[in-house]
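So the structure is just underneath, and the comments pick up after that.
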Amino acid sequence: MIGVTFSLPVPAEANDLLNRDPLAVTLGIVLDQQITLEKAFTSPWVLAQRLGHEPTATEIADFDTERLIAIFAEPPALHRFPKAMAVRSQEVCRIIADRYDGDPANLWRDAKTGAELYRRILALPGFGKQKAQIFVALLGKLYDVRPEGWREAAGGYGEEGSYRSVADIVDADSLARVRAYKKQAKAEAKAAKEA
């Protein structure tokens, strides 16, 4: 994988895995909900440690579900909701195994347009509009996956210098800016709800 490298405030080994393994990136995005992004994007590395090797999508797809849940739940759990997210991760891996020859990069490799890439990602279990747009933005900004119209498909997350998601984090300053954006967005949503 090419492009700007991951530089999250996580162990260097976790960043290294994200930089070379499309499955790690995909699982990081899958897990990036209701936990910190540091936890979400460290968990693929922790999963590899627990398995004793870097897994493939086909391996996770075929894994015994109860055993996978136990690995996710082992303290410290890989997610706040280890059972649900182990199952979700396996569902995503099954689609990758069945539709994309077991290679997560095939999800984006031959997408002709940003809209096509967005549709492919949106079809994954647990991916709504926002998560799909963030993944499109991450692929475009960090990995140079830029089919025609990718910025439009990513919505506001695709804008240059937007600092809205993990797609914009390349150092401590950009992390702080993303956190500030998320805090502001949360406050605005709360105020709108109360109005």
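In the chain, what percent of the accessible surface is made up of carbon and sulfur (1.4 Å probe, ligands and nucleic acids excluded)? Here it works out to 51 percent.
Can you tell me, using C-alpha contacts under 8 Å and at least 6 residues apart, the relative contact order of the stretch 24-107 as a whole percent?
On the way: 93 pairs, mean separation 25.9, N = 84.
Once divided by the residue count of the stretch 24-107, the mean separation gives 31 percent.
Comparing 102, 149, 52 in a Gaussian network model of the chain (Cα springs below 10 Å), the most mobile by mean-square fluctuation is 52. Computed over protein heavy atoms with a 1.4 Å probe, the accessible surface of the stretch 1-68 works out to 42 Å² per residue. At each listed q (0.21 Å⁻¹), what is the log10 of I(q)/I(0) that the Debye formula gives for the stretch 101-195 modelled as equal alpha-carbon point scatterers? The Debye formula, applied to the Cα set alone, gives -1.01. Contact order for the chain, expressed relative to its length and based on alpha carbon pairs under 8 Å spaced 6+ residues apart, stands at 19 percent. Magnitude of the charge dipole for the stretch 65-195, about its Cα centre and with charges confined to Cβ atoms of Lys, Arg (+1) and Asp, Glu (-1), is about 520 debye. So which of 131/182; 83/183; 131/186; 83/193; 141/183 end up more than 19 Å apart by C-alpha? Over 19 Å Cα-Cα: 83/183; 83/193; 141/183. The Cβ shell under 15 Å around residue 29 holds other residues with a net charge of +2, Lys and Arg each +1, Asp and Glu each -1.
The values are calculated or read from the model by the stated rules, or taken from the named source; none is laboratory data. Here the structure is a predicted model, which means the values were calculated and not measured. Don't worry about glycine lacking a Cβ; one is built from the backbone with ideal geometry, like all the others, and counts go over all protein chains shown. All accessible areas refer to the heavy atoms of the entire protein, side chains included, with ligands and DNA or RNA removed. Shrake-Rupley method; radii C 1.70, N 1.55, O 1.52, S 1.80 Å.
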